[in-house]
1. State yes or no: is A:P42 free of Cβ contacts under 8 Å to residues at least 60 places away in the same chain and touching a strand residue (DSSP E or B) at 6+ places or on another chain (Cβ under 9 Å)?
2. Pairs, please: C-beta under 7 Å, at least 6 apart or cross-chain, first residue within 7 Å of chain A (Cβ to nearest Cβ) and crowded, with 22+ Cβ neighbours inside 10 Å and in the range B:200-216, second small (G, A, S) and part of a loop (DSSP other than H, G, I, E, B)?
3. Take B:G212 and decide whether it is part of a loop (DSSP other than H, G, I, E, B), in the same structural domain as B:Y150 (by TED's automatic domain parsing) and not hydrophobic (A, V, I, L, M, F, W, C).
4. Among B:G119, B:G87, B:G133, which is surrounded by fewer than 17 Cβ atoms within 10 Å (Cβ to Cβ) and either among the aliphatic types (A, V, I, L, M) or within 18 Å of B:H40 (Cβ to Cβ) (or both)?
5. Looking at B:A412, B:A365, which one is buried (at least 18 other Cβ atoms within 10 Å of the Cβ), assigned to a strand (DSSP E or B), at pLDDT below 85 and outside the structural domain of B:R29 (by TED's automatic domain parsing)?
6. Got a number for residues in the range A:228-253 being more than 25 Å from B:L229 (Cβ to Cβ) and either modelled with pLDDT of 80 or more or more than 7 Å from chain B (Cβ to nearest Cβ) (or both)?
7. Looking for something in the same structural domain as A:A24 (by TED's automatic domain parsing), of a type outside the set (D, E, K, R) and in a loop (DSSP other than H, G, I, E, B) - is there at least one such residue anywhere in the range A:44-53?
8. I'd like to verify a number: residues in the range A:254-288 that are within 8 Å of chain B (Cβ to nearest Cβ), modelled with pLDDT of 75 or more and farther than 14 Å from A:W202 by Cα, how many?
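The values are calculated or read from the model by the stated rules, or taken from the named source; none is laboratory data. The structure presented is a predicted model; accordingly, all values stated were derived computationally and were not measured. Here the Cβ positions follow ideal geometry from the backbone for every residue, glycine too, while neighbour counts run over all protein chains shown.
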Number of protein chains: 2
Amino acid sequence: MTPPAATGAAPGRAAIIGAGVIGAGWAARFALNGWDVAVHDPSPNAPRAIARCMENARAAWGALFDAPLPPEGRVVFARSTAEAVEGADYVQESVSESLDLKRRIFADIQAAAPDAPLGSSTSGFTPSDLQRGARAPGSILVAHPFNPVYLLPLVETVGSAQTDPALMDAAEEILRGLGMFPLRLRKEIDAHIADRLLEAVWREALWLVRDGVATTEEIDEAIRLGFGLRWAQMGLFETYRIAGGEAGMRHFLAQFGPCLALPWTRLTDVPPFDERLVELIAAQSDAQSGRWTIAELERIRDSNLTAFLRALRRADWGAGKLVAAHEGRMRAVAAADRFRVPAGENGAPDPGWPLAIAAKALRAALAGWDDAPAERWTATQSLVEQNRAPRPAALVTARCRLEPQSGEALQAIVAIVDEDGPLARVEQTLVRERS
Amino acid sequence: MTPPAATGAAPGRAAIIGAGVIGAGWAARFALNGWDVAVHDPSPNAPRAIARCMENARAAWGALFDAPLPPEGRVVFARSTAEAVEGADYVQESVSESLDLKRRIFADIQAAAPDAPLGSSTSGFTPSDLQRGARAPGSILVAHPFNPVYLLPLVETVGSAQTDPALMDAAEEILRGLGMFPLRLRKEIDAHIADRLLEAVWREALWLVRDGVATTEEIDEAIRLGFGLRWAQMGLFETYRIAGGEAGMRHFLAQFGPCLALPWTRLTDVPPFDERLVELIAAQSDAQSGRWTIAELERIRDSNLTAFLRALRRADWGAGKLVAAHEGRMRAVAAADRFRVPAGENGAPDPGWPLAIAAKALRAALAGWDDAPAERWTATQSLVEQNRAPRPAALVTARCRLEPQSGEALQAIVAIVDEDGPLARVEQTLVRERS
């Protein structure tokens with residue numbers, strides 16, 4: 001297998017095993033990025049779940065990006081895991097949270113596609129848990145996304161000592177190519193990072209409901225009218241850094257560290273998760289949100305998330321940076337085109353052919369990118385890789401990827417290929433100048 | 001004291017005791033709503049902190065609201081607590097989190113203003129803690145806001161059995177008049193609701209940093225690129241309801257309840273908060289955010305929050321509903337005006353005077369509100385209260401408050417007063433009709 005990332009995260013073929021809310025979200029994200037997707041899930045509801053998720057995702061992406069989206073990949077249903085993963089460049093598993101089940105399915109996957117990166121959506125298990133007894137443990141990693149997968153950029157990536165480092169890099173490059181942010185964990189732990197934080201909140205919230213301090217609706221208001229708004233753009237630590245005022249983080253820590261000794265949490269106990277508590281929560285949740293169907297709530301959520309992401313893109317901040325970068329990639333893909341190699345003397349290509357073609361590809365990409373015609377760009381080009389020479393006057397493909405940098409700079413990477421593979425790679429740094 | 005809420009949350013005079021980040025935020029929120037504010041804080045930095053906070057708050061409110069803001073209240077510094085609270089309609093205490101200190105300051109406050117509602121910004125103490133030994137325990141409540149106080153609508157309100165229920169209602173009406181959402185707790189507990197959730201996250205995050213699983217920056221990315229985006233618009237329970245798919249909350253609970261038995265958190269221990277951990281966090285935070293000053297981070301945060309709130313207002317959802325309602329109030333205040341009482345027979349006012357004046361006041365308020373002139377409103381008016389009759393042909397003041405309802409409806413409440421007090425109250429329900 002050649003990881004698609006090697007040729008600039010071009011779309012390939014993904015296998016999605018398990019088509020619940022998370023698996024369907026993965027299928028949508030891959031397909032919207034132009035990947036062909038083969039799904040396997042024995043549930044009779046799976047095709048409908050995928051169709052609805054695709055519909056939501058299309059609507060959200062249409063609203064989120066101004067660039068032309070790549071041609072949508074084909075989504076097909078496979079009758080078995082083996083059929084789904086055959087020829088896959090990437091496999092993502094999103095079945096129920098049972099280690100036995102996951103290991104059985106991993107055996108099926110790796111019998112048919114042992115070399116493909118195999119990401120697991122597990123919320124809780126470590127890669128070492130998942131690798132035990134596997135045929136190709138080196139291909140296995142955790143790639144834990146967040147619902148809705150097609151909108152939230154975060155994906156926690158975790159490997160073990162057994163995971164092949166090159167495969168790990170290639171898998172992350174694929175995920176970045178989908179507009180995601182792979183956050184690689186420094187150590188394996190149960191439940192990774194975000195779900196440990198969520199589990200802590202969840203346990204405390206269960207106590208609050210159980211003890212009659214607040215209803216589910218009141219707890220939700222306490223989140224979304226307060227710290228939830230903050231956390232859409234800065235996390236815990238950056239927020240507290242500000243709360244310390246000009247004295248900063250050390251001041252904040254000195255002020256609030258001592259609270260750790262106070263009994264501000266019941267988390268030292270685990271709430272008994274009995275039928276009474278389930279009914280209490282379910283009934284309160286019905287009272288709070290039952291006037292909307294799940295489908296309506298999904299659309300409301302997606303429309304709000306889209307608006308936040310667009311606001312953050314305008315601010316060039318947080319998740320908005322990823323949206324901008326991904327849009328740049330999509331514009332570039334749309335601008336990918338074929339160029340003729342300039343002929344030099346003696347029937348050989350002109351020695352400057354990579355730079356000449358890269359300059360043309362860049363102009364085409366910028367035409368889609370730069371919506372302020374009064375502004376100009378100055379570019380510094382460098383040929384970073386030259387594999388071989390094409391035939392003179394041949395038609396080659398040049399694909400220009402634009403990556404916004406901080407401030408008014410862009411990084412452009414032009415990959416020039418012909419039907420036999422990579423020819424050259426040119427990098428350019430561009431700075432926008434106000435005229 | 002007449003609580004300002006009794007006459008429709010008109011601006012009064014607030015005393016702010018303690019002018020750190022939270023106290024300064026309160027001062028800004030009151031002043032921007034037209035309240036005169038007296039601040040006491042012995043720190044020589046206080047005036048500068050207030051000035052900077054006012055500047056941030058003015059910029060944020062200018063960007064957030066399209067309505068004309070009310071004339072800004074005066075902010076003055078008092079030399080003592082007694083001087084600050086004299087004549088105050090509302091007192092807010094925001095000093096350091098020490099019960100002894102708070103009790104001492106409460107004694108000073110209540111010696112000078114025993115009847116004014118006294119809200120405490122405490123993160124952790126219960127009203128019963130604060131009331132012990134107080135001169136007027138019935139006037140004391142917890143009113144716990146979130147930084148930045150001038151932008152985040154949430155304020156947790158907590159009373160004890162000793163707190164005067166009428167005073168509690170009046171205090172909440174004042175807070176609503178500031179555009180806030182008072183979330184009243186059903187029971188007193190240490191750290192209320194939101195800070196219990198935050199404390200749980202904080203403890204878990206300290207473990208993650210201490211154990212070298214993630215840096216402060218990585219934890220922040222795990223928040224703001226994932227669940228943080230979700231929580232700006234739906235809380236924990238509504239989000240999980242969706243995650244359960246069409247099967248809803250019970251399905252989600254059945255699926256994830258069992259995880260409670262897994263060791264997904266280290267919260268059963270309290271991390272030792274030693275100098276090593278403080279240095280580790282402070283250094284990581286510097287690496288993450290040190291390129292911005294606190295002032296820059298404040299402006300970035302406020303600008304992002306403003307964009308989220310505007311997006312939510314367009315969606316008529318969550319915190320955006322509060323912004324719309326507050327803007328309606330501000331437009332109405334701007335439209336408050338004086339009207340002449342129509343004369344009837346025998347030198348008495350025309351019997352229809354309240355409805356006639358209310359209709360005029362409503363038209364004035366809608367002129368500011370309704371930015372789509374092609375749209376019309378149909379109104380149903382009802383006289384809900386008539387205190388006495390004015391002199392015929394007298395000039396009276398009619399203030400119309402517009403409260404957006406769900407869908408395309410508005411509730412208008414017109415209060416008609418003369419210099420001797422309330423005359424009548426008319427309520428109107430309006431439905432917008434597309435022409």
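1. no
2. The qualifying pairs are B:L208/B:A214.
3. No: the conditions fail for B:G212.
4. B:G87
5. Only one candidate passes the filter, namely B:A412.
6. Result for the range A:228-253: 2.
7. yes
8. Counting residues in the range A:254-288 that are within 8 Å of chain B (Cβ to nearest Cβ), modelled with pLDDT of 75 or more and farther than 14 Å from A:W202 by Cα gives 5.
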